[in-house]
Each structure stands twice: as structure tokens, then as C-alpha cells.
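Please treat every number below as a calculation from the coordinates, not as lab data. Keep in mind that what you see is a predicted model, and the values were worked out from it rather than measured. So basically every Cβ, Gly included, is an ideal-geometry build from the backbone, and we count neighbours across all protein chains shown.
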Amino acid sequence: MTAPHIVGSSVPRKEGWDKVTGAARYVDDMVLPGMLYGATVRSTIARGKIGKISFDPGITWSEFVVVSSKDIPGKNCIALILDDQPCLASEAVNHPEEPILLLAHPDRHKLRKAVESVAIDYDPLPSIHSIEESEEQSTIIWGGDNILKSYLVEKGDVDSVWKEAAHIVEGEYFTGAQEQLYIENNGVIAAYDPEHGVTVWGSLQCPYYVHKALMALCGLPENKVRVVQMETGGAFGGKEEYPSMIAGHAALLALKSGRPVKIIYDRMEDMVATTKRHPSRTRHRTAVDRDGKILGGEINFTIDGGAYATLSSVVLSRGTIHAGGPYHWPCVRIRTKAVATNTPPHGAFRGFGAPQSLFAMERHMNRIAHVVGISPVEVRRRNFLKPGQTTTTQQVIREEINLHHLLDRALELSDYAAKKKRFAEENKIGARKKGIGIAAFLHGAGFTGSGERYLNSLVGVEALADGTVRVLVSSAEFGQGTNTVLCQFAAEALALPYRNVVIAQPDTTVVPNSGPTVASRTAMIVGKLVQSAAQGIKQTLTKTGLLADGYTLEQFRAACAQYIAAHETLKSYARYEAPANVYWDDEKYRGEAYAAFAWAVYVAGVTVDLTTYAVTVDDFVALQEVGNVINPVLAEGQITGGVAQAIGFALYEKVLWQNGRMLNNQMTNYIMPGSLDLPPIRVFFQELGNVHGAHGAKGIGELPMDGPAPAIVSAVEDAIGVSFHSIPLQPEDLFEALHHESVGQAVSPSTRGRA
Amino acid sequence: MNPSKETAAKCEVSFTVNGEKKKVLAHPMERLLDVLRNELKLTGTKEGCGEGECGSCSILLDGMLVNSCLVPVAQASGASMITIEGIPAHDLLKSLQEAFLECGGAQCGICTPGMILAAVHLLEKTPDPALADIREGLAGNLCRCTGYMQIFEAVSKAAPRRAAK
Amino acid sequence: MRADPSDYKLVSPGTLKGVLSLLSSEPSQWLPIAGGTDVMVLYSAGKLLNHNLINIWNIPELRQIEVFPDSIRIGAACTYTALREHGTVSKEFPLLATAASWTGGIANQNRGTLGGNIANASPAADSLPALLVYDAEITLISARGERRMAYRNFHAGYKKIALAPDELIQSISLPRRFSGFFSHARKVGARNAQAISKVCLAALGQCASGAIRDVRLALGSVAPVPLRLHETERVLTGQKIEASLIDAAGKCVVKEIRPIDDIRSTARYRAAVAGNLVTEFLEKLAAAGSRA
């Protein structure tokens, strides 16, 4: 029969051979006959009315297809949640680089000059470019008050704790925008013919999001829109909602011209025009007792959503639910809002609000520790959630998570105590100061609350006549291992060799809607449905007497051949069923927010070079409890990659804004870490299982984004005794703090390590 | 190539790619990357940035690792080039592909062709690289997915001789 | 990719004579392109104003490194890789070999050239401070003949070089008299490779009887041109290295430089780090001297 335990072993990446031989087909590798190339004419101002549009006579415009909002057959919007974002601006623009017109031409080289030859007159309006400006409400750019969304979470009686508090600790924390920087830029090809409707091939995460958006934009029914995901070169959330925009643009050009149209952004356009991580500001006010135990507090969390609502409400939701960290809050009031500014809308990026609010929580725990006079380790021990306790949304922790044990293990793996001692000695001399810092955190997997119920995911598994099993899902592979893991589940469920299972390219005419590939839900939730659907195949064959228990591969093949000869196809579907005890109140924002939390403790070791004020991460320990490791090599790769991105978030990646427009929109000036910048990232797992996940899996893709930044900033504090509360933390910031003492706050209990 | 003044016309450029002689008609300032992808349909070489920062477009040109997005095709006249598609013919290079697969060196795969070419170049110069050599050899190739660790492992695994500790 | 290739000419005379002849008959019309690591980036961004390019990548006379008893002559089209791999360059001119190893990754080092770095004249160029401390001489060539000048006079201002409209940089010569010097280079960028420098130091020092006999300091990214710190060198020459001198030198550095705020960093940061890099060098020079 087959080798046991395909799940849990590092089977090779299903599409891996194509990737290492250069055979994998990304959208720009595809060319269709008669294809045109498309480009976008974008706003050069942050906010204003669109006036006259002139086309310079130096261009032979008859060679070009020109599309404006007037050419939109359906609704001029990118259908998502509130549908407030236009596909093409018609009367007014609300952010720099907002799309206004589309051009297409057979020669892609002719497009740039044509774009530059369209002159648009604007009547500028006042624009706002920060959370504070938005809150002032002197200029209203969205709704009645610039507030895209707000939440209020209340637990217990917060107002009563202040008088009992031994200390009231306040803090304000900031995180900046971050560019996803997938190495493959956004791109699509769209084609239209009256029989099939619109077809789009693209670099994307969520084929059915694009499908829904195109139906609304083009005024077409479900069966006249087809979306196919091509091999996708990185996404990280940056291709969750944005592809609906670029797909809409290509579709409009295809509709107007009757020819296929390819739009591929270059790096400069992708960086300046597409979504980024929401910048955030968190304010904590916490009542603690003499021992540093949290009695209660208030958390105000605000994110900058940019000019349109897009996904801000959902990012805000996750940020809200994670704002309290892995700690027990007897009572709390969490007030959160997403505000509008005149910048391209911010969007999904790995972590999706949690890296922002968790950064604040972890930094704030260190502040509490300092005020109370205990160590960062001890303050966490005294506040960790325990099984049976409730989270800030009053979800009962049902699993046997032991955060003390996790912390102990992380401290041991990182040699924390010995290093702290050694650094204290070594830091007495020289310009290079070493420090070590920790972060403890959690990440809920799957859609929040009733979200999974709403998604109502459907998964298919098919058996072909030759016995090949084919997984049918809309879940996209973009490096994180979807193809591999889902095939592992199917193979294990059917007791077949891994190589006998394949996965269909996500094509909305072929695969059912298994939901978007986001929220670290694929292994856990979609995987479980793949298992069920696979089992359904077996049941069908055994029920019809074609297969007996303990079958061999050859017997399976024969059974499939027979069944298909009689019935033409052999397919089995499984639909999501919400677990019985997962109850969520959308109005009070209370209850079981997620079916499962993954937990982690990370430890960062840094060197601060006082000659250059640069921070280098020397060592990194990432210990996480992930339910069950489905594929060790892939799981480790996800953690390592996420930690690397988070190191970028903490130290390297800064978006420079000028009137709402990204100034440093080139890889030479937006700096992500390279091979010489990252420490050895040491990954360790703990496995508690998960009743709600396939083979006990919990989501792991986003978790590693949450912890590194606060761990690093804490390590810097340990090294030089200056506490920073804003990221990215760059050498220039360290320099200013050390030489001005107004930016950072000196909180070190001792004077060691000061420059 | 004509020695005197050209109009902005296309010209014939000959070179060898993956062991095969090729002749293209292109504007001299066409990027080698675009000629490989669009004229020769060798789409394994990728564009990530167009500014020579990410290394996704790396190929071997006369045995040297170069960023093909920064080479005008006219300068490739008479050159011998290897792209990711040319690799199966080479022993060392196949072992790199296998090592990448085994160690998880490729996730989304878009940086992978350039990364493997850079690794080929490194291993040809330094058959027994230490970790520091690997880091330096790949410093011009950005990967957003892996955090590099499993790429280093893969290169180490594929190296013909293990580095002295 | 924002340029239309059909809008650009690239001619390839194939010989030095052919190149010079064209530059002479049509001065200021033709932009030389060697490895393209600067020109092609501008081109790709749609910002290359000159539409006529002349290929100098394939001119053998420009790619040689010649070693003479008293000097070494480096052809302008020598790549960073060629510099790194050349025995005499790496042994006797480590500041230049080190700067070459900092410029981009391996792929860019295989194509970027010393002449290109000079002609592009970015104040952030990694190799240029090394050329200043090594007393480089630059040879320019045209159909009219050869012209040599001290490299230190080549940069007149921000991106203004003393190159006539019909001239090409032919070579850089370095006198072979620095083997006995203590050398130190450090680059500060946003990451450890593939980074344009925020501050960059090339330094040479020689001590005798505990005092500084000869000290040479040059910085990149702190002025419109790569800067030799003559004032600071004056303060240091002939003095014993002790804490008060190091302090005075650091302060002098900050006074001598003219850094700016730009997309990469701030003037204040650059000034502070420039001072720190020089004081770090002096501490190392003192330690090396005391071991001699």
C-alpha cells in the first residue's frame, strides 16, 4: 500500500519542479494572439475635481484604445464590502495615483509616452494625510466624519479599576506603512467574447473575489465571467483585493477593443499605486496592581485606511481582537477606528491588523514592567492567559495551552539568561552594544466569528479514470504551500501515494468557491473539507462495491475506471459546517472570535552599533505552537519567511510619503533585507493539535509577522537603555534619540549601555 | 553591426543561448531580458524590478552572472549565455535544482531562476563555499518568501565539496 | 520599463579609434555606455535624456590593468570584479578592492566599471573616496590626444566633471607607494549589500615615533562631490594619537563636510556618523601603530 503519514512529512512541493526549472507559468509569461498591452492614466493630485482632459496631438490616438468611466457597462466600483471605491474616477479623485483613464496599444513600448501625453486639469481640494488630520475633522473626505469603521469591545467594568490601581501606565505606539513587495508585480490578461464573456488570467489570491467584482463592473452574469489564477510570484495579502482593480481595468479594455489585453505593472507603478499595510496608532492606559498584574484598561487603536473603505473594516476587526495580546484582562474597553486619508487605500498584508496592535501590546508590557520594577519576562508570566480564562472578547480558552512552558522553552532555546548576563558585562566597553528581547503573542486562524459561516466554502475532489485524484479548490498557491498541503490531506485520506494526487489550477469554471486564500485558513479549514471530500470519493467507491477496505493503488485505479465508465465522472463535494460551540456576537463584538489560536514566543538578539546607530539582528528564535505540523520543510519556510518580513517591518522598510504619495517607490530606495542582513532564524514547533483543523492544523502563515518587531525593539532597549515605541526603527531615529533625548524615553533600570 | 551611424532601426544580433545559436532582429537598446522572454520565448528569466536590485533577471553571460534587465541586447552580440532553461544539461546545476526542491529553497518561485543562476555562478567559482560565501554570492538576489535560510541550505547541499569548518 | 527602445540609438564602433572619431565629429551627442549599471537604470525608468549611446563595453584598451614598477594603470572599463580579482589591486590598494566589493551584488560587479563610477559622478559612489586618498591620476583621451590630470581636480561640482565634449575617460593611475600604510574603509548603507551609501570612508594612515606622519581621509555622500578632508588631515598630521586629538578630529570632520537631507538619510545623521567613522579609524590606527 502507501507509505504511512504523508501528512507530517516533508513531501516535495507539488509544483516545485516547474519552479526550479523555470517552467512555471506566471501571467507575464503568457501571450495570446492579437493581444494588446494596457496602461493606466492616474491622478497627479491627492484630492480634487477632474476638469478638462486633453490628448496631446503628438500621439496617433487612433492607434490606441481609450477607456473612461463612461465605458463601464455595469457599476463603476470595485465590489468588495462597501463598494465605495470607483474602478475609474469620473468627477473627482481622492488620492494620488487614482486611476482615471485606461489606454491600450499593440506595442507595449508606446504606452508610456501616451500616458504622459494625457493632460488632466484638476480643481484641487484640501487633502488630509495623517490620522491626526483625519481626526481633526476640519476637512471631511469620507462619509460624515472620515471614519470608515469603528468597533467597541467591552469586558467587565473598566471604570472601577482605576482607583484600585497601584500604577496607571500609559503609552502611545506607532507602526508605519509597509509594502508587500512580492517579487512578481501585479499583472493580468483579460479577454472577451460574446459566447464566453470575460476571462481573466491573473496573479492573484482570490479568484472568486475577482469574479464577483467583474460581474458587477461588467454587468455580466455569473456564467459569463471566468477567472483563472496563474502561478503567482508572491502575494502576502497584496493580491487579495487589489487584483479586482487591475482585472477590472484589463476587462474594460478587452470589452472595448474586442482583443485580449495584458496589463503588467512595473515596480514603480506597483509600489506607488497599490495597497500597503495600514499605518497605526495605539494608545494604552492600563491599571496594574503592585505585582504588575493587569486589573483592566483602555486600548484605543486607530488605523489609517486611505481614501476608500476597501478592507479596512476587516483589518480593523482583527487588530481589535488581537489588541489585548495573550494576556488576561479582567476588564477592558477597546475602542478602535479606521480613518480616511487621501492616500491610495491601504489593504491586506500578512497579519492584517494584528502585527500593528500586537506591537503596541508587547511594547506596553515592557513599559508596565519598567514602571512596576520587574523584568519583561516576569510581567508576562503574571498576566498570561490560562486555559479556562477568557480573552478580551470573552472567548474561553479551551485548549491546554501553557504559555509559561512555551516561554520557558523559548528562553532556554535562546540561552536568554546567560546572554543577558554576558551582554551586561560586554556592553561596559566598546561601541557595539548587545541586547536580547522577547515577544509573546497569538494569532487567530480563519475568518473572524461568523465569517467562515458567511463564506460557506465548498470543496471538491475528483477521481479520474486512471485513478489520479484531483483536488478542486479556489485556494491559490503563491508560495505558502497550498498545493502541497491540500494534496497531502487528500492522499492521506485516501491512503494513496502523494504523487497520485494533483490539484486543479484555480479556474472559476472548474473549481468551487472554497473561499479566499487569506487569514491563514487554507490548511486548517479548506484542508478539513478536502479530507471530507476525499473520504466521499472512497465512500462512493466502497458503497458501490468497487473497492474494499485495505485496497492497493492498482485496485483503486481499477475501481475508478469502472465507476467512470458507468457514471462518466466521480466527484465528491464537501461544504463548510460551523463548529457547534463557536458563537460570535457581531454587534457587541463578543464571543468566540476564532475557532483556534496559534501561540508563540519569539526571542531576538541584536547588536546596536553606536558608530553607525545601526541595529543588526544577530540571532532569532521563533518558537510557536501550531496545532500540528503538516509539512516540516514548508512550515519552517513559512516561519522563516514571515520573520524576515517582520524584521523588515521593524528595521528596514519605511514608506516615505509626500502629500499622500509614496516617494521612494523603487527597490533601490525601499529597502527589504537581503541575504547579508538576516541572522540565522531558528524555528521550533510545539504541537497541541486542533479539533477544528485538518489533522490538527492551525494557521501559521501570518503568525510569524506578529512577534519579531516588538522583540527586536525590546532587544534594542535592553542594549542601550532607550525605549522606542515607533517602527520602522532606523539608524537615524536611534541617533536622534541618543543625541536629543526627546524622541525616545530612557527607561533602563540601570545606566549600562548608554552612549 | 554597422560601424557608422545607425538610425533607430532594428539590427541583427547573434549569440548563443543554452548551447544553441540564435539570431534576433531587435533595436540595439532592447533589454536582453525582453529579447530572451519575448523574442526567444525563454520566459524562465523574470523581471522583478527593472533596476538591477532584485536579481530575478540574472543569467550567465560569457560565464559571468549579470542582470539581463541592464544589458542592451547589442552588447550581447557574440556572447554565450545560459538561462534557467539551459540548466538541465549541467550536472552541478541539476543537483542545485534537486537541493532547492528538497530544502524548500523555492516558495513562490519567481526569484528562483535568478537565485539558481547566482548559485551556479557561486559554485563554479567556489566549489566549497562557507555560509559567508553563500550569503555574499546571493547578495544581489532578493527573496521575499523564504527568509533565505532554506536557500542557503540548498546551495550548501548542492556544493560539490563540503566547506572546511 | 518606461523607455521605447525604438527611440534610442546604440552604435558600436568596436575600436577606440572609432569611438573617439565619433565623439570628435559629434561632440556632446553620444553618451558612452560600458556595463550599463547606471545608464540602463535611468533608461528603464524613462529618465535617460540622451537618446544616442555609444558602446564602449567592447574596447579592449579600456579593460586592461597594467602594472608598472611605480604605478598601476586601470582601464576605465575595468569591472569591479576585475578589480577585486587583480592581485596587485587587492594587495596594494585594498581600499579600492573593498569599495569594488561593496558596489551592488556580484551581477552588478561583473558589469559596473570604475570609469562608469567616475563619469556618473554620484557623490555616493563607493570607489571615488579610495581614488582620492590614493592620489589617483586620471587620463582622458580624445581624437586630439591624451590628457592627464590629478583626479582630485576632476569633480568641479555636483555631477560636473572636467571631461571635454569629445573626451572619454581612458584610465586611472595609482602610485604604488601605499603598501606601508594602515588602511581602513567603511561604508554605511541601508542594508549590507546593494545599498547606496549614506556615508562612506576611505582612510590611510602612517605613523612614525608614535605620531601621525601621513594621514589621508576621504568621504562619500557628505558633499556634492567625493571629499578629501584636508582640514582634518592638517589637524592630525604630526600629532600623537590621543583622546583629545581624536575628539578634535571628529569635530573638524563635522565642520568640513556639507551633508544634506535626502531620500536616504539626514544631514545630521550623516555628520554624526562621518565623525564617528573617522574617530573609529584613528582608534584603529593607534592600536595598529602600538602593535608595530
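Observations, loosely collected:
- Shielding by partners for peptide C:192-201, expressed as the average number of C-beta atoms from other protein chains within 10 Å of each residue's C-beta, is 5.
- Among the GluC sites (Glu not before Pro) in the stretch C:219-292, those placed in a DSSP loop whose Cβ has at most 11 other Cβ atoms within 10 Å are C:Glu242.
- Pairwise centroid distance, computed over Cα atoms, of the stretch A:168-239 with the stretch C:1-79, Å: 43
- Highest-first packing order for the peptide set B:10-23, B:27-40 is B:27-40, B:10-23, based on the mean count of other beta carbon atoms within 10 Å.
- Three-way shape call for the protein assembly as shown based on the alpha-carbon gyration tensor, with the a/c threshold at 1.5: oblate
- A simple spin-label model places the labels of A:Phe684 and A:Asn581 3.1 nm from each other, with each point 7 Å out along Cα-to-Cβ.
- For the stretch A:148-161, backbone phi angles converted through the Karplus equation (6.51, -1.76, 1.60; θ = phi - 60°) give residue-by-residue couplings of 6, 5, 8, 9, 9, 10, 10, 9, x, 10, 5, 4, 8, 7 Hz, Gly and Pro being listed as x.
- Nearest-0.05 FRET efficiency for A:Lys49 and A:Thr509, computed from C-beta distance (R0 45 Å): 0.60
- Rounded Å value of the spacing that divides the Cα centres of the stretch A:297-367 and the stretch C:227-289: 45
- Taken residue by residue and averaged, Cβ atoms of other chains lying within 10 Å of the Cβ of A:638-647 number 4.
- 222 nm mean residue ellipticity, helices alone, for the protein assembly as shown (DSSP H n ≥ 4; -39,500 (n - 2.57); rounded to 500): -8500 deg cm²/dmol
- From phi via Karplus (6.51, -1.76, 1.60), per-residue ³J(HN,Hα) for the stretch C:225-240 in Hz, x at Gly/Pro: 10, x, 10, 8, 8, 5, 4, 5, 5, 5, 4, 8, 5, x, 9, 7
- Rounded to 10°, Cα long-axis angle of helix C:267-291 versus longest principal axis of chain C: 60
- Averaged over B:129-142, number of beta-carbon atoms from partner chains that fall within 10 Å: 5
- When each of the peptides A:187-198, A:319-330 is scored by the mean number of other C-beta atoms lying within 10 Å of its residues, the order from highest to lowest reads A:319-330, A:187-198.
- The distance linking the stretch C:152-199 with the stretch C:133-151 is 14 Å (Cα centroid to Cα centroid, whole angstrom).
- Taken about its Cα centre, chain C carries a charge dipole of about 440 debye when Lys and Arg each add +1 at the Cβ and Asp and Glu each add -1 at the Cβ.
- Placed amide H near A:Thr668: partners under 5 Å, 5+ positions off or other chain: none
- The listed peptides A:340-351, A:618-629, ordered by packing as a protection proxy, come out as A:340-351, A:618-629 (highest mean of other Cβ atoms within 10 Å first).
- Think of chain A as having a plus end and a minus end, set by charges on the Cβ of Lys, Arg, Asp and Glu; of A:Phe352, A:His95, A:Val473, A:Val473 sits farthest toward the positive end of this dipole.
- Estimated dipole of chain A in Debye, rounded to 20 [Cβ of Lys and Arg +1, of Asp and Glu -1, Cα centre]: 680
- Relative contact order (%) - the stretch C:60-175, alpha-carbon pairs under 8 angstrom, separation at least six: 28
- What the Cβ-Cβ distance of A:Thr60 and A:Leu656 gives, at R0 = 60 Å and to the nearest 0.05, is a FRET efficiency of 0.95.
- The label point for C:Glu146 and the one for C:Gln206, both projected 7 Å from the Cα toward the Cβ, are 2.6 nm apart.
- A straight Cα-to-Cα reach below 26 Å connects C:Lys255 with the lysines C:Lys159, C:Lys160, C:Lys187, C:Lys198, C:Lys240, C:Lys284, residues fewer than 8 places away in its own chain not being considered.
- Farthest positive-ward along the protein assembly as shown dipole, Cα basis, beta-carbon charges - from A:Gly8, B:Leu138, A:Ala24: B:Leu138
- Residues whose amide H lies under 5 Å from that of A:Arg432, counting only those 5 or more places away or on a different chain, are A:Leu610; hydrogens are built 1.01 Å from N in the peptide plane.
- Residue by residue, the stretch A:260-274 carries 3J(HN,Hα) couplings of x, 10, 10, 10, 10, 6, 8, 4, 4, 5, 4, 5, 7, 10, 9 Hz when phi is fed to the Karplus relation 6.51 cos²θ - 1.76 cosθ + 1.60 (θ = phi - 60°); x denotes Gly or Pro.
- Summary value for the stretch C:183-291: 23 percent relative contact order, contacts being C-alpha pairs under 8 angstrom separated by 6+ residues.
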